[in-house]
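Notes follow once the structure below has been shown.
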Amino acid sequence: MNTMLEIYQRLDTQTPPTIDVRVVLDHLQRDKGRLRVQSSEGQEVRIFLERGKPLQVGEVLRSACGRHILVEGAKEAVTTARSDDWLTFSRACYHLGNRHVKLQVGERWLRIKPDHVLEEMLVQLGLDLIREEDVFVPESGAYSHGDHHH
């Protein structure tokens, strides 16, 4: 069945009985309220949702015809920086936040999109960096109205 799926409804992250279709989206695509993509199964998917509330990895959408669509994160180029020292790590987060950089934060690791100026700063602060391909899930921001747990 290769019909186009139109999506107007979010079901949060509770898993419905069956997932019919999967869409793999990078962090920029997940930020859009209007989007046209191909599903992993080859169907055209058109998403029409409220703007300003990014899609979450693992979120389930419902199409107009009642099918369930799972949002998956695409692997993309990222730089992951780590420090075993909390002070060093905290300073790095402060300096990146001060520059309004999109940032994913973990337990003494952070992830940004590759940027040689920011990477140089992180190295100077004492963090260990690796460039890799992984799913990028930046923090949504303190003033956004979205959900804050990932």
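Every number in this text was worked out from the coordinates using simple rules, so none of it is lab data. Here the structure is a predicted model, which is why all the values come from computation and not from measurement. Cβ atoms come from the backbone with ideal geometry, glycine included; neighbour counts cover every protein chain shown.
Here are the numbers for the structure shown:
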quantity: In range of the label at residue 131: residues from the range 69-84 whose backbone nitrogen is under 13 Å from the point 7 Å along Cα→Cβ; calculated: 77-80
quantity: Those chymotrypsin sites (Phe, Trp or Tyr not before Pro) in the range 58-149 that DSSP places in a loop and that have at most 14 other beta carbons within 10 Å; calculated: 143
quantity: Normalised contact order of the chain, rounded percent, pairs of Cα under 8 Å and 6 or more residues apart; calculated: 25 percent
quantity: Net lengthening on full extension, residue 18/residue 101 (0.36 nm per residue, minus Cα-Cα); calculated: 26.2 nm
quantity: Summed residue charge, Cβ within 12 Å of residue 5's Cβ, Lys/Arg positive, Asp/Glu negative; calculated: +1
quantity: Principal-axis tilt of helix 86-98 within the chain, Cα atoms, nearest 10 degrees; calculated: 60 degrees
quantity: Matching label, semi-axes √(5λ) of the Cα gyration tensor in Å computed from the structure shown, candidates (1) 27, 19, 16; (2) 34, 15, 13; (3) 25, 17, 15; calculated: (2)
quantity: Peptide ranges 77-83, 122-128, 47-53 listed from the most packed, as the mean C-beta count within 10 angstrom indicates; calculated: 77-83, 122-128, 47-53
quantity: Backbone HN-Hα couplings from phi across the range 56-70 [Karplus 6.51/-1.76/1.60, Hz, Gly and Pro as x]; calculated: 9, 4, x, 6, 10, 10, 10, 7, 4, 8, x, 7, 9, 10, 9
quantity: Sum of side-chain charges, residue 51 neighbourhood, beta-carbon under 14 Å (Lys, Arg +1; Asp, Glu -1); calculated: +3
quantity: Average Cα contact separation per residue, the range 75-135, under 8 Å, 6 or more apart, as relative contact order %; calculated: 55 percent
quantity: Net +/- balance of residues flanking residue 41 in space, Cβ distance below 9 Å, scoring K and R +1, D and E -1; calculated: 0
quantity: Stretchable slack from residue 108 to residue 121, in nm (0.36 nm times residue separation minus alpha-carbon distance); calculated: 3.0 nm
